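Where a number appears in this text, it was derived from the coordinates with a stated rule and is not lab data. Just so you know, these numbers come straight off a predicted model, no measurement behind them. So basically every Cβ, Gly included, is an ideal-geometry build from the backbone, and we count neighbours across all protein chains shown.
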Amino acid sequence: MQILKNRHVTGWLQAAPLTLILLGFLVLPIITIVIVSFWRATEFSIIPAFSFENYEFLFGSAVTWKVFMATFRYAFITWVFTLSIGFTVAYYLAFHIRSQPVQIALFLLCTIPFWTSNIIRMISWIPFLGRNGIANQTLISWGVVDQPVEWLLYSDFSVILAFVHLYTLFMVVPIFNTMMRIDRSLIEAAYDNGASGWQTLVHVILPLCKPGIMIGTIFVVTLVMGDFITVRFMSGSQRANVGRLISNDISLLQYPSAAATAVVLLCTVLITIAILLRFVDIRKEL
């Protein structure tokens, strides 16, 4: 009995450092943001008085709903493209490359762009997509268009393109990791029973990849919904998402309003993740 008690105390002592870190750097800041979200603010001061004013303005504004819908639209479209590209790349690396050194080399090749700053990789699209950029010059030289295409830059297209470029690897890695764990005898059994390549993909590989797909989805959706720098630069400040709302409030020193928007965004992301986790148990993958 004493031995079990000592083990119990030892376990708590071992978990204490990590618990303190989580409390200090995760739980406490979130509690602070929630508290500040109920404060009031004027143009010159912040009033620490309990009020629903920020939430009433937030949910009563048509602009807020429009921005949230734009955020969900960015997240959904980016998810569709990153999943399509990520699954294809992971499938090719896992099932079409037989040599493990070549697999590793190609996988590292996919990660090379991520060795640089996100902002640098994002801004690099601007001279490519600009009115006199490489894309427009190529289209004109090929005779596809007679004049530069305006919507390539500072539009929803450029925002989505940058998102896909920045976050596709977050879909490739978990899907590739899941595919490498699939027992190859299951695929051979499917072929032996007369399944076509498409049937094997849909009924064997895809169901077994659900944990990886779900992990990648959580990464991509949460990153896109919280990103505001990409929307700002790639849209030329002509588009907005929830992150930009928070950034604008902070720049105007409206911290309670920014905190309220952050709380709503956090709840939205947590609800989205909870819904996704209902479809698959990712603990097996972790």
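Relative contact order, whole percent, for the range 1-128 stands at 8, derived from Cα pairs under 8 Å and 6 or more residues apart.
For the chain, what class follows from the C-alpha gyration tensor (a ≥ b ≥ c being the square roots of its eigenvalues): rounded when a/c is under 1.5, otherwise prolate if a/b is larger than b/c, else oblate?
Because a/c hits 1.5 or more and a/b fails to exceed b/c, the chain counts as oblate.
Can you bin the range 109-225 into rounded, prolate or oblate? Criterion: square roots of the alpha carbon gyration tensor eigenvalues sorted a ≥ b ≥ c, rounded for a/c under 1.5, prolate for a/b above b/c, oblate for the rest. Verdict is prolate for the range 109-225. The Cα center of the range 162-210 and the Cα center of the range 248-281 differ in position by 32 Å. When +1 charges are put on Lys and Arg Cβ atoms and -1 charges on Asp and Glu Cβ atoms, the dipole computed for the chain relative to its Cα centre reaches about 560 debye. Net charge in the neighbourhood of Phe57 (other residues with Cβ under 12 Å of its Cβ; Lys, Arg +1, Asp, Glu -1) is -2.
Each peptide in 175-186, 149-160 was scored by the mean count of other Cβ atoms within 10 Å over its residues; highest first, the order is 149-160, 175-186. Packing around the peptides 215-225, 45-55, taken as the average count of other Cβ atoms within 10 Å per residue, puts them in this order, highest first: 215-225, 45-55.
Dipole magnitude for the range 172-286: about 240 debye, using +1 per Lys or Arg Cβ and -1 per Asp or Glu Cβ, origin at the Cα centre.
Springs join every pair of Cα atoms under 10 Å in this Gaussian network model of the chain, and among Leu18, Leu129, Leu161 the largest mean-square fluctuation is at Leu18. Using C-alpha pairs under 8 Å with a sequence gap of at least 6, the mean separation divided by the residue count of the chain gives a relative contact order of 26 percent.
Multiplying the residue separation of Trp115 and Ser99 by 0.36 nm and removing their Cα-Cα distance gives an extension gain of 3.3 nm. Among the chymotrypsin sites (Phe, Trp or Tyr not before Pro) found in the range 57-86, not one is both in a DSSP coil and sparsely packed, with 10 or fewer other Cβ atoms within 10 Å of its Cβ. With the cut-off at 1.5 for a/c, could you classify the range 135-286 from its C-alpha gyration tensor as rounded, prolate or oblate? Judged from the Cα gyration tensor, the range 135-286 comes out oblate (a/c at least 1.5, b/c at or above a/b).
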